[in-house]
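Data first, discussion second: the structure below is written as structure tokens.
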Amino acid sequence: MLRVVLALVLLAIGSASVAQERGPLRIEITEGVIEPVPIAVPDFLTDDPALAARAAEIAGVVRADLAGSGLFRPIPADAFISQVTNLDSPVQYADWQAINAQGLVTGKLIGADGKYTVQFRLFDIFAETTLGEGLQFTAADTAWRRLAHKVADAVYSRITGEGGYFDSRVVFVAESGPKDARDKRLAIMDYDGANTRYLTQPGDIVLAPRISRDGGQVLYTSYATGRPRVTLIETETLATRVLDEQPGSMTFSPRFTPDGQGVLLSLSERGNTDLYRLDLAGGARTRLTEAPSIETAPSFAPDGERIVFESDRSGNQQLYVMAADGSGVERISFGPGRYGTPVWSPKGDLIAFTKQHRGRFHIGVMRPDGSEERLLTASFLDESPTWAPNGRVLMFTRETPGAAGGAQLFSVDVTGRNLRPVPTPGPASDPAWSPLQE
Amino acid sequence: MNVGLVISGLGHGALLIWAMLDLSPRPDPAMAVPESVPVRLVAPEALEVAAPPLPVLPPAPTESAAPDPVAPPPPADRVALLPAPPPPDRAVRSDLPQEAVRPDPVPLPEAPPEPPRPAEAPPAAAERIAPEPEEPVATDPDTALEAPRPGRRPERSAIADALAEALEEPVVEAPPADVPPAPAPLSPAGPPLTGTERDGLRVAVGRCWNFGALSTEAARVTVTVWMRMSSDGRPDAGSLRLADFEGGSQAAAQQAYEVARRAILRCGGEGYPLPPEKYAQWQEIEMVFNPDRMRGR
Amino acid sequence: MTRLAVLFLAAVALAACEPTNRAPAALPGVAGDPTSAAFFRAAVGDRVLFAVDEATLGTQARNTLEAQARWLIENGGYNAVIEGHADEQGTREYNLALGARRAAAVKEFLVARGVADGRLDTVTFGKERPIEICSEETCYERNRRAVTVIAAGAGA
């Protein structure tokens, strides 16, 4: 009896040990590739022939958004084997696999009574399944570009896991004229350069605008009164209001507080510049820094609890973080060179900045504690970065040297890749990126 | 029979029993598909809130504060560094839309019927990413992820069963061999896979492992994918699952898993270069996708 | 004849001794009036320069400002706006603050030399109004300036 039991036990042990060797083969992959993902976005369908051109345009904007992000590579339509003729028909995965499409976006445009509805589906070609559920968006037909951006945002975020950023706007300064007589005016556009609209007349210097969360107001510095003053403009009515009317004062570098109720700004008195908070409704002013050095260019953390700013209290321009009430100031930049224009990412995980070192300018990022500093660009003059709503892409100003030099907007991925110019009607500077629109 | 052998045998047996009892019950691996990342815009409650209407562009004030957006062309010797021609509607001062863009959570009327699948693939349910309310599986990712080395379970439980039976009844019974790697110690698995063969598989998968389109968070996650292979070297698409992850959130791991899955399926279409005579060794594979060395590129 | 020649020569010599209305330095285009703004700009010197990222006044700057102070005291009918400027080698908002610092440094100096505080205003232009646009040090150094712009005041 005992013998039988022990024999079985040994057999079991033996099998177990052999089976242990026969477990799944364990392999570690450590080398991959980083390439834009090939994706097919055929022109969207429509039942109304009059809308065919618009449906194609919408797909075109989706393709441009995805390609512009640097993470996708739309496949040209002439390579398609299958044609999509119906949004609900089964997908011939083999045909799309054959042209190496990894994703497929199919869409349809429906128009009625001045409104458009766009429906779309997203497919993972090699897993042969849909990703997520189909969605549809509706808007006035004049907002067709926004519909395309919404589709692209959904595709982008479903595949990458990042938040989207295409349905957003950028307020900036449009420039013209020579360097010593530069004309500047406030302008606002879609993030991709479309639908540019001017908010001010040329004639007075305007600088460094910021847009409110809902896009209804813009803060900027204006020389309309002959000296720099923080001014608020309504994007709808274009009505302006100078926020600080104290005679002899100079205010600049305004920022909305995250709750939209106040303005953080720099005020210069007797040559000393410090940070103040101004209440938009009542005008009450609170001083946040009190130092004989320059304190300016602040930026709120997305939760509104902390502020990063630049100060030369250590002897040269560096970055500091403090609580929103001005307490607990700590320096976070320690590298060689000068650091300025800090902006806190909407994700809260990074601070972007301008760095000057050995005659070159760089856009860089670092963690809010100052660690992991990385420089993303280098040129004669890059400055004032602004974050896309997803905290992944930055837009900034790049100026070229010399008498013929001019300013232009560029965008770059936080990995340092995909540096590309942003199309504007003419030279442009000081971009500020809005949140995703509703 | 010597005493040493008896002690050793009993000790091993005790360990086996202890190990068997310690393992928690686990669902069928084919069903334990991790919860998919919901499409951000689908959540109805988030979308029912009517967005405020977009501002109406006012008729141009008399001083035309917002005139024709085409700026006067700069003097020829000054730079207008336009990289590309502006889109055609730029010249028109466009009106802002009158209404909010309302993303509609309503799924499209008819889901496309499941395309015909190759015969060897298991039912589509295992592979569908879109959450389907009728799926009975409480796709609780935690249980799936805590299970270590799930591939080994079938054998162990079979053996444990056999052991339990043997201890209860004086019947000799070979452990049921319902799992392909037959636990008989003499199955033809061949010599272990060589380094070259392993590298071949590594390189073949790595070629398709593209994490260019991943969030910065997901691009840092290490994911372990478990899969079954058919004897011609092709991965069994329905068997793929996320077995483990570390270095990021669940959502990031899901994205990283999808990228890994794409890699396995894309480059495995014609079969991976694995020696058929050693099939028993690579019939189940656990692939660990570790991006640490790719960081900073 | 010799007498005429001597008289002629004497007249010429005397004419040469007549005090002219020119400033001793004979600058081109300078109005004759030493109480004029043009005189202030050209003869006294309406600007001082700064080193990179600095707002401290060097020796030459102090000399110029001494002269400015004297002139302003003598010509009480003028007020002045001191404009602070910076070169393009810096970020925009920091340069606004730097320009303000430079303008304030000049004002402080003038007030310390006796110019009434109420007559002086300061404004910064940061890097927005360069006068030289060549992106080299020869241009940069001339852009790093504080300019005292005088205008007729209430007491004129």
Residue pairs qualifying under the 6 Å Cβ cut-off, at least six apart or on distinct chains, with the first in the stretch A:413-438 being more than 7 Å from every other protein chain (Cβ to nearest Cβ) and the second being in a loop (DSSP other than H, G, I, E, B) and of a type in the set (Phe, Trp, Tyr), are none
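Yes/no per residue for (1) in contact (Cβ under 8 Å) with a residue 60 or more places away in the chain; (2) within 25 Å of A:GLN317 (Cβ to Cβ):
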position	(1), (2)
C:SER36	no, no
C:PHE40	yes, no
C:VAL48	yes, yes
C:ASP53	no, yes
C:THR56	no, yes
C:GLN60	no, no
C:GLU66	no, no
Counted residues in the stretch C:123-140 being more than 7 Å from chain A (Cβ to nearest Cβ) and open to solvent by less than 20 Å² (accessible area, probe 1.4 Å) come to 3
Considering the stretch A:420-438, residues that are under 19 Å from A:PRO389 (Cα atoms) and among the hydrophobic types (A, V, I, L, M, F, W, C), and then whichever is surrounded by the fewest Cβ atoms within 10 Å (Cβ to Cβ), we arrive at A:LEU436
### Query
Would the stretch A:294-306 turn up any residue that is more than 23 Å from the chain's Cα centre (by Cα), open to solvent by 20 Å² or more (accessible area, probe 1.4 Å) and free of Cβ contacts under 8 Å to residues at least 40 places away in the same chain?
no
> Going by the structure shown, is A:ILE58 farther than 30 Å from B:THR222 by Cβ, within 32 Å of the chain's Cα centre (by Cα), more than 8 Å from chain B (Cβ to nearest Cβ) and at pLDDT 95 or above?
Replying inline: yes
Selection from the stretch C:81-108 of residues aliphatic (A, V, I, L, M), surrounded by 24 or more Cβ atoms within 10 Å (Cβ to Cβ) and out of contact with any helix residue (DSSP H, G or I) (no Cβ under 6 Å at 6 or more places or on another chain) yields C:LEU96, C:ALA97, C:LEU98, C:ALA100, C:ALA103, C:VAL106
So is A:ALA148 among the aliphatic types (A, V, I, L, M), over 17 Å from the mean Cα position of the chain (by Cα), more than 8 Å from every other protein chain (Cβ to nearest Cβ) and open to solvent by 10 Å² or more (accessible area, probe 1.4 Å) or not? no
For the stretch C:93-127 the number of residues that are touching a residue at least 40 places away in the same chain (Cβ under 8 Å) and not in a helix (DSSP H, G or I) is 11
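So is A:ASP141 farther than 27 Å from A:VAL414 by Cα, more than 7 Å from chain B (Cβ to nearest Cβ) and either open to solvent by 10 Å² or more (accessible area, probe 1.4 Å) or without any contact (Cβ under 8 Å) to a residue 12 or more places away in the chain (or both) or not?
Details: farther than 27 Å from A:VAL414 by Cα: yes; more than 7 Å from chain B (Cβ to nearest Cβ): yes; either open to solvent by 10 Å² or more (accessible area, probe 1.4 Å) or without any contact (Cβ under 8 Å) to a residue 12 or more places away in the chain (or both): yes.
Yes, satisfied.
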For the stretch A:193-211, the count of residues that are in contact (Cβ under 8 Å) with a residue 60 or more places away in the chain, under 14 Å from A:SER168 (Cα atoms) and open to solvent by less than 10 Å² (accessible area, probe 1.4 Å) equals 2
Within the stretch C:130-152, residues farther than 21 Å from A:ARG270 by Cα, in a loop (DSSP other than H, G, I, E, B) and in contact (Cβ under 8 Å) with a residue 12 or more places away in the chain come out as C:PRO130, C:ILE131, C:SER135
Quiz item: Does A:THR130 fit the bill of being closer than 19 Å to B:GLN254 by Cα and β-branched (Val, Ile, Thr)?
Solution: yes
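Within the stretch A:258-267, track down each residue that is touching a residue at least 24 places away in the same chain (Cβ under 8 Å) and within 14 Å of chain C (Cβ to nearest Cβ). It would help to see each step written out before you state the result.
Our first condition is that a residue be touching a residue at least 24 places away in the same chain (Cβ under 8 Å); within the stretch A:258-267, this holds for A:258-260, A:263-266.
Within the stretch A:258-267, A:LEU264, A:LEU265, A:SER266 qualify.
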For the stretch A:116-128 the number of residues that are modelled with pLDDT under 95 and open to solvent by 10 Å² or more (accessible area, probe 1.4 Å) is 2
Across the stretch A:95-115, the tally of residues that are surrounded by fewer than 22 Cβ atoms within 10 Å (Cβ to Cβ) and either out of contact with any Leu (no Cβ under 7 Å at 6 or more places or on another chain) or in a loop (DSSP other than H, G, I, E, B) (or both) stands at 10
Of the residues in the stretch A:214-257 that are open to solvent by 30 Å² or more (accessible area, probe 1.4 Å) and β-branched (Val, Ile, Thr), the one that is nearest to the other protein chains (Cβ to nearest Cβ) is A:THR237
Of the conditions (1) surrounded by 22 or more Cβ atoms within 10 Å (Cβ to Cβ); (2) more than 10 Å from chain A (Cβ to nearest Cβ); (3) among the polar types (S, T, N, Q), the single one that C:THR56 does not satisfy is (1)
Heads up, the strands (runs of 3 or more DSSP E) in the stretch B:210-290 (entirely inside) with at least 1 residues that are within 17 Å of A:ILE34 (Cβ to Cβ) and at the interface with chain A (Cβ under 10 Å from one of its Cβ atoms) are B:222-228, B:284-289
Flagged in the stretch A:69-94 as within 11 Å of chain B (Cβ to nearest Cβ) and part of a helix (DSSP H, G or I), in numbering order, are A:TYR93, A:ALA94
Within the stretch A:407-429, residues being assigned to a strand (DSSP E or B) and of a type outside the set (A, V, I, L, M) number 7
Of the candidates A:SER311, A:SER327, A:SER293, the one satisfying the condition of being over 17 Å from A:MET250 (Cβ atoms), within 14 Å of chain C (Cβ to nearest Cβ) and of a type outside the set (Lys, Arg) is A:SER311
Filter the stretch A:258-274 for residues that are buried (at least 22 other Cβ atoms within 10 Å of the Cβ) and under 28 Å from the mean Cα position of the chain (by Cα); the one that is nearest to C:LEU96 (Cα to Cα) is A:SER266
Flagged in the stretch B:186-209 as facing chain A (nearest Cβ under 8 Å), part of a helix (DSSP H, G or I) and either polar (S, T, N, Q) or out of contact with any Leu (no Cβ under 9 Å at 6 or more places or on another chain) (or both), in numbering order, are B:ARG202, B:VAL203, B:VAL205, B:GLY206
For B:GLU155, the lone unmet condition from (1) farther than 27 Å from A:GLY163 by Cα; (2) surrounded by 20 or more Cβ atoms within 10 Å (Cβ to Cβ); (3) at pLDDT 50 or above is (3)
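The values are calculated or read from the model by the stated rules, or taken from the named source; none is laboratory data. It should be emphasised that the depicted structure is a prediction, and the values quoted were computed from it without experimental measurement. Ideal geometry is used to build each Cβ from the backbone, glycine not excepted, and the neighbour counts take in all protein chains shown. Ligands, DNA and RNA are stripped out before the accessible areas are found, and what is left, the full protein with its side chains, is counted by its heavy atoms. Shrake-Rupley method; radii C 1.70, N 1.55, O 1.52, S 1.80 Å.
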